[in-house]
Amino acid sequence: MEIRDVENNMKRDFTIIIEQDEDGIYVASVPELEGCHTQAKTLDELRERIKEAIQLYLEVESDLVKEVPLEFVGIQKVEVSV
């Protein structure tokens, strides 16, 4: 997902992880931005909400954002016996 910094005319891409809970609610989180997440009933609504969440995060916590973003490698499921 690409976010644009209007003041500096800068764009940054962020990796978004999307999950769905047992009630069907979509949950999005941004691994590069610790604690940046949101939820919504639809994927379209989720996309708008996570953009807003990222923009707010960057306004408030800009000094915590790494200059060199993490590179997305992939997602895997791991089976563990319990």
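The values are calculated or read from the model by the stated rules, or taken from the named source; none is laboratory data. Model, not experiment: these values are computed from the prediction. Every residue, glycine as well, gets a Cβ built from its backbone with ideal geometry; the counts of neighbours run over all protein chains shown. SASA here: full protein model, heavy atoms, side chains in, ligands and nucleic acids out. Shrake-Rupley method; radii C 1.70, N 1.55, O 1.52, S 1.80 Å.
A few comments on the model shown:
- Entry note: region 13-81 has Rg to Rh equal to 1.01, where both radii use alpha-carbon atoms and Rh is the Kirkwood radius.
- Site pair Asp44 and Thr15 shows an inter-label distance of 2.9 nm when each label is modelled 7 Å from Cα along Cα→Cβ.
- Lys41, Lys51, reordered so the largest accessible area comes first (probe 1.4 Å): Lys41, Lys51
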